[in-house]
1. In straight Cα distance, which aspartates and glutamates are under 20 Å from Lys78, not counting same-chain residues fewer than 8 positions off?
2. Percent relative contact order of the range 11-92, based on C-alpha pairs within less than 8 angstrom and at least six residues apart?
3. Mind grabbing the accessible area of Arg139 for me, 1.4 Å probe, Å², rounded to tens?
4. Can you compute the modelled spin-label distance between Asp108 and Asn92, with each label point 7 Å from Cα toward Cβ, in nm?
5. Counting other Cβ atoms within 10 Å, keep those with at most 11, restrict to DSSP loop, and tell me which GluC sites (Glu not before Pro) in the range 19-120 are left.
6. Please give the contour-minus-distance gain from Lys27 to Ala136: 0.36 nm per residue of separation, less the Cα-Cα distance, rounded to one decimal in nm.
7. Which entries in the list Lys86/Lys125; Lys33/Lys86; Lys28/Lys55 go over 27 Å, if you measure between the two C-alpha atoms of each?
8. Hey, got a sec? Which chymotrypsin sites (Phe, Trp or Tyr not before Pro) in the range 68-149 land in a DSSP loop and have at most 16 other Cβ atoms within 10 Å?
Amino acid sequence: AEQTFIMIKPDGVQRGLIGEVISRFEKKGFYLKGLKLQNVEKSFAEQHYSDLSSKPFFAGLVEYIVSGPVVAMVWEGKSVVATGRKIIGATNPLASEPGTIRGDFAVDIGRNVIHGSDSVESARKEIALWFPEGIAEWRSSQHNWIYEA
Ligand code: GTP
Ligand code: MG
């Protein structure tokens, strides 16, 4: 099944939004397959956002990500990459629809609470980077009440 990498950024952790974020993905019908809270090194944050290294906001972005612990997660389910991005909302929280995480809980683009992989390919890379130890294998007993056979 499809998997995505979701990270609650330092502002989301500091503001007590961990449960809220997890709850939204759980209630949708996705499965939590990996979870850890940790501080990351600058070089690790740079690697995670390496595609953006030429952007003028890159240094500020890295500073933001290392400013406190983050919650790294792997979520699994049908179309979870694209649907996860919908649950998260547009990059700029002032443009995110109400009902999305950024639309409901954020104002500034540099304090937008959460990260989600932008493609199946980036998800694969990000999961390998963040969870080299591997992730859990399990399936909810409610599976057939959420997914058609
Ligand atoms: P992520 O899920 O965090 O990857 O966000 P995204 O995929 O919606 O956007 P993108 O990958 O393009 O940018 C990564 C992060 O860099 C964003 O979530 C913002 O925190 C930050 N960022 C992107 N664009 C800007 C910008 O124009 N200005 C500033 N200050 N930050 C930006
Ligand atoms: Mg991105």
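1. Candidates past the 8-residue exclusion: Glu2, Glu26, Asp118, Glu121, Glu126, Glu137, Glu148.
2. 44 percent
3. 150 Å²
4. 1.6 nm
5. Answer in residue order: Glu41.
6. Residue separation times 0.36 nm, minus the Cα-Cα distance, leaves 37.3 nm.
7. Lys28/Lys55
8. Taking the range 68-149 and a limit of 16 other Cβ atoms within 10 Å, the loop chymotrypsin sites (Phe, Trp or Tyr not before Pro) found are Trp138, Tyr147.
The values are calculated or read from the model by the stated rules, or taken from the named source; none is laboratory data. The structure presented is a predicted model; accordingly, all values stated were derived computationally and were not measured. Because the Cβ atoms are built from the backbone with ideal geometry, glycine has one as well, and the counts that use them run over all protein chains shown. These area figures cover heavy atoms from the full protein model, side chains too; ligands, DNA and RNA do not enter into them. Shrake-Rupley method; radii C 1.70, N 1.55, O 1.52, S 1.80 Å.
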